[in-house]
Amino acid sequence: MQDHDIDNAIASGKTYGDLEVQHAVFSRLRREDPVHWTEPEGFRPFWTVTKNADILEVERQSDLFINSPRSKLWSIEFEQSVAKLMAGSPHLVRGLPQMDGAEHRSYRKLTQAWFQPRQVKLLEPRLQALAKRTVDEMEALGDEFDFYNDVAVWFPLRVILLILGQPESDAERLLRITMAYFGGSDPEMQKGSDMLKATRDYIEYFDGVSEDRRRNPTDDVASIIANSLIDGQPIGHHEASSYYIALASAGHDSTAATAAGGLLAMIQNPDQWRKLKANPELLPLAIDEMVRWVSPVKHFFRTATQDYDLRGKSIKAGEALLMSYPSGNRDEDVFDEPFAFRVDRTPNKHVGFGFGAHGCLGVYLAKMELQYLFRELLARVDSFELVGDPAWVETSFVGGLKRLPVRVRMHAMA
Ligand code: HEM
């Protein structure tokens, strides 16, 4: 592959729709040019950072490497339409991933306590009941179904509705918006330009939520956001909508993709499924391995605020760096047999949740959700097998499987 081909491959959604291609591109970069100057056609250039240690080095220094100038990979054409629409701002929304420094800290602090283990533990009975109902509904589908579309997408969506205090009847509407938001360049999903519409749809939905929670505050995350004060002033309309969007979008597809991709890994490695069934106490390790394996978030950007030397490359102030999480999670220098899926992998220093000041806010919630779902599946399902070809979303941002046709064999009821 020529350099310009590899540059185009890094930016193309298609690469991530074919795992073999994705891993071939990033394995080569880790070997030959781990901090790679990348100039894809139709995109502003950037550095691609592929080694686990380098991703940590960058993300650990959130004052030297900031988020606000460029948070994710968009074509120049799309960036221009966003700037036009948003009066020069490079972002459609202004949520946590687009903020830095003291401002980011004060916004993150608003809901941080809510996502701490102690608080999430209070949700456990409801998460457990949701997981049980999800598997009841799966069982009612019969022997064959699409695990991603019929099962995996619904569970985290219901959890989002739960933490935002919204009725489950909103699930279909929210799912449609989220699919359009993350569809990326996949021809089967929404086109990239529909992201504008999806953002408008999100805002319209959350405006109603915000208004309601101002009038009738309860104890959910939506009430905290709607009624919060920033520097003594009520949170701005755009910032409140952006906050909800960050939670709803970040919390959904990443978790659904991990559940489906984790299950596929165990269908392809039946010894790992059996090991986990026999030793459910391994679940916390297994969930981390699923996140490492799937790496549903493909990248986030940082921008250097000053010149910096990274693995011998001179990064200039103002240049952007793409953190490739799937690559960091297959790094041969960190993981023993990185291409082996092991439910008992430990240590597992993956970067699937990012790191540092912007590291995933919902990490503990995501792990608990996935544990409850798999606990229920392991207890009630004897085995899964594939009955068709799985397919992956063509996106360079967030996603995983878009189809996972399976046949299930449930345990006979005692
Ligand atoms: C397996 C599921 C999940 C994965 C793999 C995941 C991964 C990530 C990653 C890689 C980032 C960027 C980190 C960085 O820039 O260093 C992130 C940020 C974020 N995630 Fe998650 N996430 C998951 C689930 C969730 C859930 C359930 C929620 C909440 C409902 C959530 C909320 C957020 C928020 C708000 C941010 C932005 C944080 C900031 O910029 O300060 N995520 N996540």
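The values are calculated or read from the model by the stated rules, or taken from the named source; none is laboratory data. Quick caveat: nothing in here was measured; it's all calculated off a predicted structure. Ideal geometry is used to build each Cβ from the backbone, glycine not excepted, and the neighbour counts take in all protein chains shown. To get the accessible areas, we keep the full protein, side chains included, count just its heavy atoms, and leave off ligands, DNA and RNA. Shrake-Rupley method; radii C 1.70, N 1.55, O 1.52, S 1.80 Å.
Flag not set for Gln128, criterion: under 20 Å from Glu319 (Cβ atoms), of a type in the set (S, T, N, Q) and open to solvent by 40 Å² or more (accessible area, probe 1.4 Å).
Number of residues in region 17-54 that are of a type in the set (A, V, I, L, M) and open to solvent by 40 Å² or more (accessible area, probe 1.4 Å) equals 4.
One residue stands out in region 392-404 among those that are open to solvent by 30 Å² or more (accessible area, probe 1.4 Å) and of a type outside the set (A, V, I, L, M, F, W, C): the one that is modelled with the lowest pLDDT, namely Glu394.
Annotation note: Cβ proximity below 7 Å between a residue of region 335-358 that is under 30 Å from Arg108 (Cα atoms) and a residue that is away from the ligand (no atom under 16 Å from the Cβ) and open to solvent by 30 Å² or more (accessible area, probe 1.4 Å) (sequence gap 6+ or interchain) occurs for Lys349/Val334. Out of the residues in region 141-170 that are of a type in the set (A, V, I, L, M) and under 19 Å from Ala260 (Cα atoms), state the one that is farthest from the ligand (Cβ to nearest atom). Top of the filtered list is Leu141.
The set of residues in region 369-391 being buried (at least 21 other Cβ atoms within 10 Å of the Cβ) and within 22 Å of Lys298 (Cα to Cα) consists of Glu369, Leu370, Pro390. Can you name every residue in region 283-297 that is among the hydrophobic types (A, V, I, L, M, F, W, C) and open to solvent by 30 Å² or more (accessible area, probe 1.4 Å)? Answer for region 283-297, where residues must be among the hydrophobic types (A, V, I, L, M, F, W, C) and open to solvent by 30 Å² or more (accessible area, probe 1.4 Å): Leu285, Trp293. Within region 243-260, residues that are on the phi > 0 side of the Ramachandran plot reach no partner that is more than 6 Å from the ligand (Cβ to nearest atom) with beta carbons closer than 6 Å at six or more positions or on different chains.
State the number of residues belonging to region 213-257 that are in a loop (DSSP other than H, G, I, E, B) and within 16 Å of the ligand (Cβ to nearest atom).
5
Could you check region 78-116 and list, in sequence order, the residues that are open to solvent by 40 Å² or more (accessible area, probe 1.4 Å) and part of a loop (DSSP other than H, G, I, E, B)? Met86, Ala87, Gly88, Pro90, Arg94, Gln116 - these are the residues of region 78-116 that are open to solvent by 40 Å² or more (accessible area, probe 1.4 Å) and part of a loop (DSSP other than H, G, I, E, B). Being in a helix (DSSP H, G or I), basic (Lys, Arg), within 15 Å of the ligand (Cβ to nearest atom) and at pLDDT 95 or above is a property that does not hold for Arg274.
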